[in-house]
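Any read-out appearing in this document is the output of simple, stated calculations on the displayed coordinates, not a laboratory observation. Just so it is clear, the structure is predicted and the values come from calculations on it, not from any experiment. Glycine also receives a Cβ, built like all others from the backbone with ideal geometry; neighbour counts cover every protein chain displayed.
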Amino acid sequence: MNYLKTVRMDDHTILIGLISALGLKEIWNIWKKKIDLNAAKEEREENVYAKQVDILTNKISQLETKIELLIEENIQLRVKIERMQTRLVVSAKKKVNRKNNEKN
């Protein structure tokens, strides 16, 4: 318990010693520089995040266009399949009709 009190007093005396040795103005300048460095770091991080967001939005828009193209291609392929099915049905009917006519 006594150790904690001495540590607290030592911290307090160290702070007072620094203030008296360097002066309040110097302590404020050091503190201000630290704040400015932290602000600059946050600004750089925000720029990086903004660039990443731009890159991701571009990728998303490219994917959306690819999806639209694939949907259109899928529709065209469905139309082709339907045409092929109708041709097969028509040719099968003709074949069946020919076989029935040959039997009669």
key: In Hz, Karplus ³J(HN,Hα) per residue of the range 67-76 (6.51, -1.76, 1.60; θ = phi - 60°; x = Gly, Pro)   = 4, 4, 5, 5, 5, 4, 5, 4, 4, 4
query = Can you work out ³J(HN,Hα) from phi for every residue in the range 28-41, in order, using Karplus 6.51 cos²θ - 1.76 cosθ + 1.60 and θ = phi - 60°, giving whole Hz and x for Gly and Pro?
reply = 5, 4, 4, 5, 5, 4, 5, 5, 4, 5, 5, 5, 5, 5
query = If each of Thr86 and Ile16 carries a label point 7 Å out from its Cα toward its Cβ, how far apart are those two points in nm?
reply = 9.9 nm
query = Around Ile67, what is the net charge, scoring Lys/Arg as +1 and Asp/Glu as -1 over all other residues with Cβ under 14 Å from its Cβ?
reply = -2
query = Label points 7 Å out from Cα along the Cβ direction at Ser61 and Asn38: separation in nm?
reply = 3.7 nm
